[in-house]
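S.K.: Sharing a structure, written as structure tokens. Questions coming.
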Amino acid sequence: MIIREIMTTDIASAELDTTLEEVAQMMKDEDVGAIPVVDEDELVGIVTDRDIVVRVLAEGLDPDQTRVGDICSRVLTTVSPDDGVSHAVRVMREKAIRRLPVEAGGRVIGMLTIGDIAVERDVGSVLADISAAPPNT
């Protein structure tokens, strides 16, 4: 099975100058924990709900004034839509991450999460595979 067959394709994204308050609202509206960050449609980062808590709120920054470009993770691990799902599980395990942007030609075209994989595989084995590595901070 390849990633394209199970990835989520209808995803929200944020521009570098989007405020964290706006991103948090996107996360709530979309019921997601990560938003890809783009610059002129090119994938340049990702921001997670944890990033907002640790890098903004815990540091006393104002979410209404802080821009996503100031706190997003820019070193990205991505996968291709034509990669195998087993490859994605390996990457998630090695990097101790639970979400992977799916990229084609520099553009984010989807997101693959452990939830997407769990729908196709035994949930317990997916969680055990991914959680085997120490957390990536």
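The values are calculated or read from the model by the stated rules, or taken from the named source; none is laboratory data. The shown structure was predicted, so the numbers you read here are calculated from the model rather than taken from an experiment. Using ideal geometry, Cβ is built from the backbone for each residue, glycine included, and neighbour counts are taken over all protein chains shown. Note: accessible area is taken over every heavy atom of the protein model, side chains too, but ligands, DNA and RNA are not part of it. Shrake-Rupley method; radii C 1.70, N 1.55, O 1.52, S 1.80 Å.
S.K.: Can residue 16 be described as touching a helix residue (DSSP H, G or I) at 6+ places or on another chain (Cβ under 7 Å) and surrounded by fewer than 17 Cβ atoms within 10 Å (Cβ to Cβ)?
M.R.: Taking the combined requirement at face value, the residue satisfies it.
S.K.: Can you tell me which residue is farthest from residue 17 (Cα to Cα) among those in the stretch 69-100 that are part of a helix (DSSP H, G or I) and open to solvent by 50 Å² or more (accessible area, probe 1.4 Å)?
M.R.: The extreme case among them is 86.
S.K.: Answer with yes or no whether residue 34 is in contact (Cβ under 8 Å) with a residue 40 or more places away in the chain and under 21 Å from residue 83 (Cβ atoms).
M.R.: Numbers: in contact (Cβ under 8 Å) with a residue 40 or more places away in the chain: yes; under 21 Å from residue 83 (Cβ atoms): yes.
When the stated conditions are applied, residue 34 passes them.
S.K.: Filter the stretch 101-119 for residues that are modelled with pLDDT under 95 and in contact with a helix residue (DSSP H, G or I) (Cβ under 7 Å, 6 or more places away or on another chain); which is surrounded by the fewest Cβ atoms within 10 Å (Cβ to Cβ)?
M.R.: 118
S.K.: Is it true that residue 29 is at pLDDT 95 or above, open to solvent by 80 Å² or more (accessible area, probe 1.4 Å) and within 15 Å of residue 111 (Cα to Cα)?
M.R.: no
S.K.: Go through the stretch 77-100 and count every residue that is of a type in the set (D, E, K, R) and touching a helix residue (DSSP H, G or I) at 6+ places or on another chain (Cβ under 6 Å).
M.R.: Summing the residues that are of a type in the set (D, E, K, R) and touching a helix residue (DSSP H, G or I) at 6+ places or on another chain (Cβ under 6 Å) in the stretch 77-100 gives 3.
S.K.: Pairs under 6 Å by beta carbon, first residue at pLDDT 95 or above in the stretch 6-26, partner assigned to a loop (DSSP other than H, G, I, E, B) and surrounded by fewer than 17 Cβ atoms within 10 Å (Cβ to Cβ), six or more apart or different chains?
M.R.: Going by the 6 Å Cβ cut-off, the qualifying pairs are 19/64; 20/63; 21/63; 21/64; 26/12.
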